[in-house]
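Visitor: The structure under discussion is supplied below as C-alpha cells; questions concerning it will follow.
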Amino acid sequence: MWSRRTIWLLLALALFWASAALAGKLICVSDEKLRGQMSVENCLEKGERFAVLDDYGAVRILSPEEIRLMKRTNPEAFQQPAYGIMYQKEAPELPKPPPLAVPKLAQ
C-alpha cells in the first residue's frame, strides 16, 4: 500500500499537471507592477508569491511545497522573466515540463 506522503505527492503532481494543461502563466501576486525585470527564481528568493493563471482567468496561488515540487518537475518555468498581474498579457506561458522517464521493461 502507498504511504500518505506518496499519495499527497501524487495529488500535488496531478493538480499541477491539470493547471499546466490549460497553458497557464506564472504570475507574481505580491508585486503587481513587475514587468520582466528579474526572473521568477530571483523573485522567489526575495520572498515574492506566485500563482498559476489559466486561460479562463482562474488563479491558484502556489504554496511553498508546490513551488518546490514544480522546480523538480519543470525547472525552466523559474528561469523565465517574472510578471505581475498588471502585465499578465505580456507574461510568457509556462513551458511544458520535460517528458517523464519511462523505464524499459525487463526482458
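Visitor: Do we find that residue 53 is surrounded by 11 or more Cβ atoms within 10 Å (Cβ to Cβ) and either on the phi > 0 side of the Ramachandran plot or under 14 Å from the mean Cα position of the chain (by Cα) (or both) in this structure? Even if it seems obvious, please write down each step before you answer.
Guide: Working: surrounded by 11 or more Cβ atoms within 10 Å (Cβ to Cβ): yes; either on the phi > 0 side of the Ramachandran plot or under 14 Å from the mean Cα position of the chain (by Cα) (or both): yes.
Yes: the conditions hold for residue 53.
Visitor: Out of curiosity, is residue 77 under 10 Å from the mean Cα position of the chain (by Cα) and of a type outside the set (Lys, Arg)? Break it down stepwise before answering.
Guide: Details: under 10 Å from the mean Cα position of the chain (by Cα): yes; of a type outside the set (Lys, Arg): yes.
When the stated conditions are applied, residue 77 passes them.
Visitor: If the requirement is being out of contact with any Lys or Arg (no Cβ under 7 Å at 6 or more places or on another chain), within 29 Å of residue 6 (Cβ to Cβ) and either surrounded by 15 or more Cβ atoms within 10 Å (Cβ to Cβ) or touching a residue at least 40 places away in the same chain (Cβ under 8 Å) (or both), which of these qualifies: 26, 94, 100, 34? Steps first, please.
Guide: Details: 94 fails: out of contact with any Lys or Arg (no Cβ under 7 Å at 6 or more places or on another chain); 100 fails: either surrounded by 15 or more Cβ atoms within 10 Å (Cβ to Cβ) or touching a residue at least 40 places away in the same chain (Cβ under 8 Å) (or both); 34 fails: within 29 Å of residue 6 (Cβ to Cβ).
That would be 26, the only listed residue that is out of contact with any Lys or Arg (no Cβ under 7 Å at 6 or more places or on another chain), within 29 Å of residue 6 (Cβ to Cβ) and either surrounded by 15 or more Cβ atoms within 10 Å (Cβ to Cβ) or touching a residue at least 40 places away in the same chain (Cβ under 8 Å) (or both).
Visitor: List, please: which pairs have Cβ atoms under 9 Å, are six or more places apart or on different chains, and start with a residue in the stretch 65-89 that is in contact (Cβ under 8 Å) with a residue 40 or more places away in the chain and surrounded by 17 or more Cβ atoms within 10 Å (Cβ to Cβ) and end with one that is of a type in the set (Phe, Trp, Tyr) and assigned to a helix (DSSP H, G or I)?
Guide: That search, which allows pairs on different chains as well, returns 66/16; 69/16; 70/16; 70/78; 74/16.
Visitor: Continuing with the same structure: Take the residues in the stretch 80-107 that are charged (D, E, K, R) and either part of a helix (DSSP H, G or I) or closer than 10 Å to residue 25 by Cβ (or both), then tell me which one is nearest to the chain's Cα centre (by Cα). Steps first, please.
Guide: So the first thing to find is which residues in the stretch 80-107 are charged (D, E, K, R), and the list is 89-90, 93, 96, 104.
With the extra rule that they be either part of a helix (DSSP H, G or I) or closer than 10 Å to residue 25 by Cβ (or both), the set shrinks to 89-90, 93.
Numbers: 89: 17, 90: 17, 93: 10 Å.
This residue is 93.
Coordinate-derived values only; no laboratory data. Remember, it's a predicted structure, so these values are computed and weren't measured experimentally. When we count neighbours, we look across all protein chains shown, and the Cβ atoms used for this are built from the backbone with ideal geometry, even at glycine.
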